[in-house]
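The values are calculated or read from the model by the stated rules, or taken from the named source; none is laboratory data. As the structure is a prediction and not an experimental result, all values here were calculated from the model. When we count neighbours, we look across all protein chains shown, and the Cβ atoms used for this are built from the backbone with ideal geometry, even at glycine.
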Amino acid sequence: MNQNTGLLLQGRYRLKTVVGTGGFSTVYMAIDEKTGKEVSVKEFTADHMDGLNTTLRVNAYDIASREKPSPLEDPSAISQKEMIIRGLMQVYREKEILEKFGHLAGVPDIYGAVRENNTYYLIREFLEGMTCREYMDRFRGKIPFTLGLYIMKGTLEILEEIHSQGYIHCDVSPINSFLCRNGTVYLIDWGNAADLQGSMEDHVVRQAVNVRYAAPEQQISGEVLTPATDIYCLCATVFDAICGEPPRQCLERLRGRSFVEPGFYVSDLPAFVNEMLIRGLSLDPADRPSGRELLDIINREIVFTVTPVAGTGNASVSAKLLHEKRSPFGFLTSRRIRRPTLL
């Protein structure tokens, strides 16, 4: 049992169970004792970082409030103090983004932020479901390509909204794509999001990347981030989800290593899916399709039907390819799941 379970924040939010951990945070399911609703509480817990000085950890909030990160030539040389500042700034950033976009479908709502116990907490909407990565684990490492397209479509709809307002997510990946029981696709973990107008410290975003899914411009000093950066991350995520392994990392490809097309891994992959992912994973951002173009292709080639399962709060989703000789089929009613539920 985590030592903080049972803790009461603001005399209102009772921490119940740990539902996830990361390098800078622990996420709890909690109960809002005022309303009786379940909520999600994200706690800044820098103590996950090995060897972190206790004094720095306890005073992380004040340190990050008065200091800004410094650009790093060598990320491996980052100090403990710098790690704290960067970690807490990501929590701040997520609060700002959720306050701005939490009203959008597919972006978690935020109910407040709490400073207690020498640290910082975000109180957010509780989502019932699983990440794409957890769903992949249910299918022994990869999911049907139709489910991959369903996730892609839902994520693109979110990205189109935030891109139109000058922001990018910067960290689309299987652990940040979330499938709710009711069939809604969410994009979570907004701590790395960037304001393309320049209010976000660009070097912070660049240092916090998952190289398996990150675009070249996120890893090369001096390059500019654009909405095409999110397109690359999303296509790398869908590639991993349907092929069972991520594409070759972009820096290796820049050094001349070959790129293996997704159709090599999935024998029945439709040509339009293969082509979309190849284009989306172009090393040059100018060669990648826009989010709107990808949405138009998906809508032209496949139709999804989401059906509530009576009395369960779950959803069954079926898909039909429109331009290939295949019958309609349900890809979320697999016998491996044993029930007609999305999650």
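Observations
- Among the residues of segment 134-143, those that are surrounded by fewer than 19 Cβ atoms within 10 Å (Cβ to Cβ), out of contact with any Gly (no Cβ under 8 Å at 6 or more places or on another chain) and not in a helix (DSSP H, G or I) comprise PHE139, ARG140.
- ILE175 meets the conditions (1) surrounded by fewer than 21 Cβ atoms within 10 Å (Cβ to Cβ); (2) in a strand (DSSP E or B) in every case but one. The failed one is (2).
- Single unsatisfied condition, SER258 versus (1) over 28 Å from GLY183 (Cβ atoms); (2) in a helix (DSSP H, G or I): (2)
- Residue list for segment 246-255, restricted to those being surrounded by 13 or more Cβ atoms within 10 Å (Cβ to Cβ) and in a loop (DSSP other than H, G, I, E, B): PRO246, PRO247, ARG248, GLN249
- Some residue of segment 147-169 being aliphatic (A, V, I, L, M), touching a residue at least 24 places away in the same chain (Cβ under 8 Å), part of a loop (DSSP other than H, G, I, E, B) and over 14 Å from GLY291 (Cα atoms): no
- Within segment 253-293, being among the basic types (Lys, Arg) and closer than 18 Å to LEU234 by Cβ holds for ARG253, ARG279, ARG288, ARG292.
- Any hit, segment 282-291, residues being modelled with pLDDT of 95 or more, of a type in the set (Ser, Thr, Tyr) and more than 20 Å from LYS153 (Cβ to Cβ): yes
- Scanning segment 204-213 for residues that are within 12 Å of MET89 (Cα to Cα) and either assigned to a helix (DSSP H, G or I) or modelled with pLDDT of 85 or more (or both) yields VAL204, VAL205.
- Qualifying residue in segment 103-125 (condition: closer than 19 Å to ASP195 by Cα, crowded, with 22+ Cβ neighbours inside 10 Å and of a type in the set (Phe, Trp, Tyr)): no
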